[in-house]
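To start, the structure under review is shown below, and the notes come after it.
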Amino acid sequence: MSRLLVTGGAGFIGSNFVHHVVTNTDDHVTVLDALTYAGNRASLAGIPENRVSFVHGDVTDAALVSSLFSKADAVVHYAAESHNDNSLDDPRPFLDTNIVGTFTLLEAARIHGTRFHHISTDEVYGDLELDDPQRFTESTPYNPSSPYSSTKAGSDLLVRAWVRSFGVRATISNCSNNYGPYQHVEKFIPRQITNVIRGIRPKLYGAGENVRDWIHADDHSSAVLTILDKGVNGETYLIGADGEKNNKDVVELILSIMGQPSDAYDHVTDRAGHDLRYAIDSTKLRTELGWAPSYGDFESGLAATIEWYQAHEDWWAPAKDATEAFYAGKGQ
Ligand code: NAD
Ligand code: TDX
């Protein structure tokens with residue numbers, strides 16, 4: 001049994017990871033989460049109390065972080081400000097949490113010698129043309145576009161520097177767009193599902209030609225456990241499940257699964273600096289560490305996600321009105 005510290009474990013992907021660990025290992029998890037607007041303790045409901053402890057705190061709190069690292073065998077760092085649209089509105093919290101927070105954790109890993117895994121995104125690589133035959137690999141140069149992705153890129157570079165300069169035992173993963181339960185209604189797929197449930201027309205930025213490479217959050221979790229188990233210190237692994245789809249196709253699929261006419265959506269103001277396409281080549285993770293995704297079929301994973309939102313209105317309803325008011329103010 002290991003003692004895992006999971007930062008951001010009350011957020012979307014972090015909570016999916018905690019459920020995955022509790023189901024598939026006998027590890028004990030301590031969650032460190034500041035419960036920002038994106039954190040929700042209800043996302044951890046149902047987990048036996050002897051398997052998970054919750055600490056309400058901030059990743060920039062060096063004393064708290066140091067004391068938690070001293071009691072952990074490994075740390076998985078999910079905590080971040082994660083939404084591009086918010087980063088265009090108010091970038092400052094992204095610098096504090098994503099840059100200073102990661103720095104604070106790396107210093108604790110240096111002092112305590114703790115194994116550290118840093119969760120990052122494919123957005124650090126910028127975007128691709130729609131017809132580019134290349135996908136992102138571990139050697140693609142960094143070229144982030146938004147305040148969010150530039151702070152994630154900065155945090156990745158801090159990890160690499162702490163490995164090289166101080167011998168910190170760290171790995172990095174850069175994953176594509178996740179979908180699944182417990183995702184905040186500000187994000188594309190849950191926003192459209194909950195709009196349809198509420199009788200609001202889905203909102204597509206611009207023409208909807210932008211491509212995202214979708215992976216189920218549970219597959220992201222299995223990849224992270226694989227890297228914790230077999231990953232080589234100092235290495236980066238890209239995580240993806242060959243799930244490229246453009247936004248228009250995803251909205252139309254949501255509408256059709258939910259029994260609505262597939263053209264019952266609105267085109268709204270495009271995102272500033274909107275990345276055109278992300279696409280991950282996960283050959284290294286698959287061949288070197290033997291990982292493979294379980295959710296091969298996006299449509300059935302999406303249908304299960306829709307059912308989850310239909311059954312859990314109590315989980316998402318408290319955030320829905322404020323989220324839509326934020327978007328309405330931006331013409332989106
Ligand atoms: P999220 O916004 O749903 O959750 C973030 C969590 O971090 C929340 O629980 C929040 O309360 C917590 N948090 C924020 N600031 C904190 C602070 N200062 N101290 C402690 N906790 C804090 O995000 P997510 O979508 O689950 O993303 C998790 C991680 O995965 C992020 O690092 C993100 O960059 C990365 N990632 C996300 C995706 C995606 O598709 N969502 C894809 C690839 C990588
Ligand atoms: O209402 C919407 N309409 C729309 O067309 C919203 C909210 C989004 N979009 C578009 C923008 C993107 O092309 O859908 C796509 C997905 O948007 P988001 O859910 O905001 O995700 P994205 O910007 O691609 O970033 C996500 O994946 C990478 C996560 O939020 C990041 O944390 C992760 O790093």
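Derivation of every value follows stated rules applied to the coordinates shown; laboratory data play no part. No experiment lies behind these values; they were computed from the predicted model shown. Using ideal geometry, Cβ is built from the backbone for each residue, glycine included, and neighbour counts are taken over all protein chains shown.
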Criterion first (crowded, with 21+ Cβ neighbours inside 10 Å and either more than 10 Å from ligand 1 (Cβ to nearest atom) or not hydroxyl-bearing (Ser, Thr, Tyr) (or both)) does Val185 satisfy it? yes
Residues of segment 194-252 satisfying the condition of being closer than 23 Å to Thr323 by Cα and among the basic types (Lys, Arg): Arg198, Arg201, Lys203, Arg212, Lys248
Checked segment 279-289 for anything surrounded by fewer than 16 Cβ atoms within 10 Å (Cβ to Cβ) and of a type in the set (Asp, Glu); matches are Glu288
Any residue that is among the aliphatic types (A, V, I, L, M) and within 19 Å of Ser2 (Cβ to Cβ) - is there at least one of those in segment 78-92? no
Of all residues in segment 55-82, how many are in contact with a helix residue (DSSP H, G or I) (Cβ under 7 Å, 6 or more places away or on another chain) and not hydroxyl-bearing (Ser, Thr, Tyr)? 13
For Thr283, state whether it is over 30 Å from Gly39 (Cβ atoms) and not acidic (Asp, Glu). yes
Can you find a residue that is assigned to a helix (DSSP H, G or I) and within 14 Å of ligand 1 (Cβ to nearest atom) anywhere in segment 139-148? yes
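Within segment 274-286, does at least one residue satisfy the condition of being assigned to a loop (DSSP other than H, G, I, E, B), within 14 Å of ligand 2 (Cβ to nearest atom) and basic (Lys, Arg)? Please lay out each step first, then the result.
Applying the first criterion (assigned to a loop (DSSP other than H, G, I, E, B)) to segment 274-286 yields 274-276, 278-279, 281-282.
Restricting the remaining residues to those that are within 14 Å of ligand 2 (Cβ to nearest atom) gives 274-276, 278-279.
In the following step, the residues that additionally are basic (Lys, Arg) were identified as none.
Checked segment 274-286: no residue is assigned to a loop (DSSP other than H, G, I, E, B), within 14 Å of ligand 2 (Cβ to nearest atom) and basic (Lys, Arg).
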In this structure, is Lys71 surrounded by 17 or more Cβ atoms within 10 Å (Cβ to Cβ), within 28 Å of Val21 (Cα to Cα) and of a type outside the set (Ser, Thr, Tyr)? no
Hey, Leu204 hits all of (1) within 14 Å of ligand 2 (Cβ to nearest atom); (2) touching a His at 6+ places or on another chain (Cβ under 9 Å); (3) more than 26 Å from Pro261 (Cβ to Cβ); (4) in a strand (DSSP E or B) but one; which does it fall short on? (3)
If you go through segment 154-175 one residue at a time, do you hit one that is in a loop (DSSP other than H, G, I, E, B), within 22 Å of Ala217 (Cβ to Cβ) and within 15 Å of ligand 2 (Cβ to nearest atom)? no
Just checking, how many residues over segment 219-254 are within 16 Å of ligand 2 (Cβ to nearest atom) and in contact (Cβ under 8 Å) with a residue 60 or more places away in the chain? 14
Flag if Val22 is in contact with a helix residue (DSSP H, G or I) (Cβ under 7 Å, 6 or more places away or on another chain) and hydrophobic (A, V, I, L, M, F, W, C): no
Which ones in segment 35-69 are in contact (Cβ under 8 Å) with a residue 60 or more places away in the chain and of a type in the set (Gly, Ala, Ser)? Ala38, Ala42, Ser43
Screening Ala292, Ala264, Ala223, Ala241 for residues that are part of a loop (DSSP other than H, G, I, E, B) and surrounded by 20 or more Cβ atoms within 10 Å (Cβ to Cβ) leaves only Ala241
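Report the residue count in segment 36-47 for those that are closer than 17 Å to Asn98 by Cβ and of a type outside the set (Phe, Trp, Tyr). Don't jump to the end; show me each part of the working.
First pass over segment 36-47, keeping only residues closer than 17 Å to Asn98 by Cβ: 36-39.
Those still in the list that are of a type outside the set (Phe, Trp, Tyr) too: 36, 38-39.
Residues flagged as closer than 17 Å to Asn98 by Cβ and of a type outside the set (Phe, Trp, Tyr) within segment 36-47 amount to 3.
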Please list, ordered by first then second residue, the pairs with beta carbon atoms under 7 Å, 6 or more apart or interchain, first in segment 129-149 and closer than 15 Å to Arg212 by Cβ, second away from ligand 2 (no atom under 15 Å from the Cβ). Arg135/Asp281; Phe136/Asp281
